[in-house]
Amino acid sequence: MSAGEADRLAALRRYRILDTEPEQRFDDLALLASQICGTPIALISLVDRDRQWFKARIGFDMPQTSREVAFCGHAITQTALFVVPDAQQDVRFRDNPLVRAERGIRFYAGAPLVTGDGQALGTICVLDRKPRVLTAAQRAALEALKRQVMAQLELRASLDELAGALAARDQAEQAQDQLIAELRQALDSVERLSSILPYCSECEINMVVPAEPAAIIGVTDGVTQLLRSKAWPEDKAMEVELALQEALA
């Protein structure tokens, strides 16, 4: 795979549109292309590594085809409208299974869908089972529809990005709420400890607590021993030990 093709596929995947459900806005643009150009078939095709997949299709049953038989695989290499007036007379396509089939494709016209940085994602195209040519007005309309398809793709990508940002914000808010709840619980533990340890000059304790969870047991054991040495009742010493463990945790 060439570097250019790798970049093109990367751009296609950024839109996260492959294999998504049909959407009315794209179906409408394909329908307009069919009616304006007077063709029984119109497609919005996205060219993947080994296939062309249709985001919208009018008059065509298959949701995708192999890239090997894709007219759109040729169209994305062009900068302007790619037209095949009669595929049976074109050496590039006359042996194509889609052309050789009963009621096969004879006419194709595709406008490349190109990103702002020049990557061709696919086409909006019209096809017929008989040779034809497009008028200047039809060609201009197909070019205009191409711009509308790209606008919809960009809008869809922006909405996806916004949804992701909102989800991340909601997740951050949930984490913040959880942190606040944990801090309130810790504060309650400290307040319980304060109520159990009455302040007096004789039992005031100054200590440095290491910022390590493993230090909690040593600290609480030391405080408990100190209280016992001061003749605190055993039940009160145990209450202090439990409250101190919660506060330090």
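The values are calculated or read from the model by the stated rules, or taken from the named source; none is laboratory data. As the structure is a computational prediction, the values presented were derived from the model and not from experiment. So basically every Cβ, Gly included, is an ideal-geometry build from the backbone, and we count neighbours across all protein chains shown. Areas reflect the complete protein model, heavy atoms only, side chains present, ligands, DNA and RNA absent. Shrake-Rupley method; radii C 1.70, N 1.55, O 1.52, S 1.80 Å.
A probe of 1.4 angstrom, applied to the heavy atoms of all protein chains, finds Ser229 with accessible area near 90 square angstrom. Test of understanding: extend the Cα→C-beta vector of Arg92 to 7 Å, then name every residue of the range 35-69 with backbone N under 14 Å from that spot. Those under the cut-off are 68-69. Straight-line cross-link partners of Lys130 among the lysines, defined as a Cα under 26 Å from its Cα and at least 8 positions apart when in the same chain: Lys55, Lys146.
Across Leu145, Leu227, Leu134, mean-square fluctuation computed from a Gaussian network of the chain (C-alpha pairs under 10 Å connected) peaks at Leu227. Entry note, the chain: the mean residue ellipticity at 222 nm calculated from DSSP H runs of n ≥ 4, each adding -39500 (n - 2.57), is -17000 deg cm²/dmol after division by the residues and rounding to the nearest 500. For the chain, a Gaussian network of Cα nodes joined below 10 Å ranks Gly218, Gly118, Gly73 by mean-square fluctuation, and the top entry is Gly218.
The simple Förster model, with R0 at 45 Å and r as the Cβ-Cβ distance, assigns Ser66 and Ala163 a FRET efficiency of 0.85.
For the chain, the share of accessible area belonging to carbon and sulfur comes to 53 percent (1.4 Å probe, ligands and nucleic acids excluded).
Distance between the 7 Å Cα→Cβ label points at Leu242 and Glu143: 8.2 nm.
When Lys and Arg each count +1 and Asp and Glu each count -1, what net charge do the other residues less than 10 Å away from Gly118, Cβ to Cβ, add up to? For residues surrounding Gly118, the net value is -1. Estimated at 0.36 nm per residue, the fully extended path between Glu154 and Arg13 surpasses their Cα-Cα distance by 49.5 nm.
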